[in-house]
Structure formats: structure tokens, C-alpha cells
Amino acid sequence: ESLVRRRSAKYGLRRVEQELAEHKIAPELKQPMLDALRSSETERAWAAWERRFGTPPADLAERARQQRFLAARGFTGDAVAAVFRRLRGHA
């Protein structure tokens, strides 16, 4: 639980899932934690994007860079797409 709590503020579901696997956490212990993270994935991706960038991308190259940042942090493709849909709604 401590690992999940520490990592979830900064990293996405895939990254946390990978770290739990590296620590050989039993599936029955990690699944409830991963389900809870899954429900907050989009909001956590938005918070990570906002901390790092804060302003919408000016062009496609910048957008791609921002998307790669979120993907590298372990956020799912759906969460990354939701961040950019939200940005489009703010514009």
C-alpha cells in the first residue's frame, strides 16, 4: 500500500503495476489497489500534465512531446487521450 500511495501521485497505472510485479506482490493483494488506481487514472494524468506543463501545446510537435511524457510516466492511452480532450474543451 505504501508503494502504491507514493507512486500514484506521480506515475500511472502501468508504472505502478510494473513496480508491484517487480516486488512480487501477490495478485490478490495488488488487484484491489490497482482497481482503485484505475478509477482515478484520468485525474492523476491531468494533475501530472498540469504540474509539468500547465499550458496547452502550441503545435503538434509539442503535443506529441507532452503525450510521450505522460506515456513514459505509465499512464494508459485512454488517460492520455482524456487529458487532451479536456484541453480541447478548455480552448
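The values are calculated or read from the model by the stated rules, or taken from the named source; none is laboratory data. Since we're looking at a predicted model, the values are computed, not measured. FYI the Cβ positions are ideal-geometry reconstructions off the backbone, even for glycines, and counts take in every protein chain you see. The accessibility values were calculated without ligands, DNA or RNA, using every heavy atom of the protein model including side chains. Shrake-Rupley method; radii C 1.70, N 1.55, O 1.52, S 1.80 Å.
With a probe of 1.4 Å, find how much accessible area the chain has per residue, and write the answer as a whole number in Å². The partial results should precede the final answer.
On the way: 5800 Å² over 91 residues.
Using a 1.4 Å probe on heavy atoms only, each residue of the chain averages 64 Å².
When the accessible area of the chain is split by element with a 1.4 Å probe, what percent falls to carbon and sulfur?
52 percent
Between 0 and 90 degrees, the angle of helix 27-52 with respect to the longest Cα principal axis of the chain falls at about 20 degrees.
Applying both filters, DSSP loop and at most 12 other Cβ atoms within 10 Å, to the trypsin sites (Lys or Arg not before Pro) of segment 3-35 gives Lys24.
The value of relative contact order for the chain, using C-alpha pairs under 8 Å at least six residues apart, is 39 percent. Sparse packing (at most 16 other Cβ atoms within 10 Å of the Cβ) combined with a DSSP loop state is found for the following chymotrypsin sites (Phe, Trp or Tyr not before Pro) in segment 1-82: Phe53. Computed about its Cα centre, the charge dipole of the chain is approximately 280 debye, with only Lys, Arg, Asp and Glu carrying charge at their Cβ. Report, in degrees rounded to the nearest 10, the 0 to 90 angle that the Cα long axis of helix 77-90 makes with the longest principal axis of the chain. In the chain, helix 77-90 runs at an angle near 40 degrees to the longest axis. To the nearest ten degrees, helix 13-22 and the longest principal axis of the Cα atoms of the chain are 30 degrees apart.
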